[in-house]
1. I'd like to compare 181-194, 137-150: which one has the highest average count of other Cβ atoms within 10 Å, and what's the full order after that?
2. Give me the percent of the accessible area of the chain that comes from carbon and sulfur atoms, probe 1.4 Å, all protein chains in place.
3. Let a ≥ b ≥ c be the square roots of the eigenvalues of the Cα gyration tensor of segment 40-83; is it rounded (a/c under 1.5), or, if not, prolate (a/b larger than b/c) or oblate?
4. Which value, to two decimals, describes the C-alpha radius of gyration of segment 68-112 once divided by 2.2 N^0.38 Å?
5. For the Cα atoms of the chain, what angle does the longest principal axis make with the long axis of helix 305-317, in degrees from 0 to 90, nearest 10?
6. Run lengths n ≥ 4 of DSSP H only: what is the helix-derived mean residue ellipticity at 222 nm for the chain, with -39500 (n - 2.57) per run over all residues, to the nearest 500?
7. Starting with the highest mean, order 307-319, 345-357, 57-69, 24-36 by the number of other Cβ atoms within 10 Å, averaged over the residues of each peptide.
8. What is the magnitude of the charge dipole of segment 91-207 about its Cα centre, with +1 placed on the Cβ of each Lys and Arg, -1 on the Cβ of each Asp and Glu, and no other charges, expressed in debye to the nearest 20?
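The values are calculated or read from the model by the stated rules, or taken from the named source; none is laboratory data. Small disclaimer: the values here were computed from a predicted structure and weren't measured. For neighbour counting, all protein chains shown are included, and Cβ atoms are generated from backbone atoms with ideal geometry for every residue, glycine included. SASA here: full protein model, heavy atoms, side chains in, ligands and nucleic acids out. Shrake-Rupley method; radii C 1.70, N 1.55, O 1.52, S 1.80 Å.
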Amino acid sequence: MAADGMKSKSSAGDIWPAGDADIAAWTDQYFRRTKEVVGRFGDTTVTYACFMRRPVVSAPCLAIDWLHAIAKQRGTRFDIDLRFEEGRWVGAGEPIFYVSGSLFHLVDLETLLLQKLGPPCVAAYNAYTMCADLPHVAFLAMDARHCAGTEMAKSMAYAAAVGSARAKRKVGAVGFIGNATDATAHFFGQDSGKGTMPHALIGYAGSTLRAAEMFDECYPDEPMTVLVDYFAREITDSLTVCRRFPQRAAEGRLAVRIDTPGGRFIESLDPPASYAVLERNVHQAVRGYRSESELRYLVGPGVSAAAVWALREALNEEGFDKVKIVASSGFGPAKCRLMAEANAPIDMIGTGSFLPEQWAETYATTDIVEYDGVPRVKVGREFLLKK
């Protein structure tokens, strides 16, 4: 399938690097030298296969947008044969797309092209599995602070949106409803980023309640999510805020967020109490063999399944059943899977942990598979030849 009809994910001002000087500065030297050789001895039309070495979810649009933009600047054309549309599952070694065109104009683009393809595909895969495992939970992308620069932040936000869209199609998931920054909000169909308060506001206010009052005074018509772990009084401060804002609580416009660090348990919990709260609510979750990391997600310190259940119990006991719970801190694919098994009553997850953990897994690869229409590829990569 040709990629020309895909909806662009970038605007012209977003394309980087755009000029030949920047491309030359950031590409591998051997590609620049190959370009010089081709320029001297004559150009040829080639076809590159672009693929990953592990299963991923196809997230090619940023890379393809960039290719088209550079082709336009250079007064040439690259033909894209997209084999896996955005959001489709791709097996290891399967070409996501083929790109054909002038070797002279393509050869110096490979380094940058691969940077724009590999990481989003792996992050989209992770985002999909998280949303699919917890289909009734809304997700908020809070990855920007973990990214190495704004270009990575852009590609990771795009990836979360792609993985989310797949989960919505496949299992009817709520998925990612937005992200934390204005610059990439458009990937989620939003005009601006979402979020209410960081720990810095709690520290500034001097108390969790005072921070909530300040926020309410500034943004009285907006839903409010209050961080409640700053003073290690997750239960006490949650209930205090709910009592102070009963109308918000009754209308479902109030949420409490736990981001408890992994060095301590939330208020009221310890290992025995954590087992007890799960036994009361989801006794099957702690029966049978569990690895050490799985047990930590279920009954360990930090934001565990037991912590979420304990907070939900405390809110419900005082009639605050419409107050939502937002959870954050280390919510990657493995933790989300365990939260699903424990049926943790989470309404929203704030996460940047869909970012790839093993960066080597993000390495995309290209190989030329045709020269002037003649199939030719290095030995061992015959599986890339067009079928």
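1. Values: 181-194: 16.6, 137-150: 18.3.
Top to bottom by mean Cβ count within 10 Å: 137-150, 181-194.
2. 52 percent
3. Numbers: a/c = 2.96, a/b = 1.60, b/c = 1.85.
Oblate, since a/c reaches 1.5 and b/c is not below a/b.
4. Its radius of gyration relative to the 2.2 N^0.38 Å reference: 1.31.
5. That works out to roughly 40 degrees.
6. Roughly -13000 deg cm²/dmol at 222 nm, from the helical runs in the chain.
7. Values: 307-319: 19.5, 345-357: 22.2, 57-69: 24.2, 24-36: 13.8.
My ranking of the peptides, most packed first, is 57-69, 345-357, 307-319, 24-36.
8. Values: 8 positive and 8 negative charges, 75 e Å.
Result for segment 91-207 is approximately 360 debye, rounded to the nearest 20.
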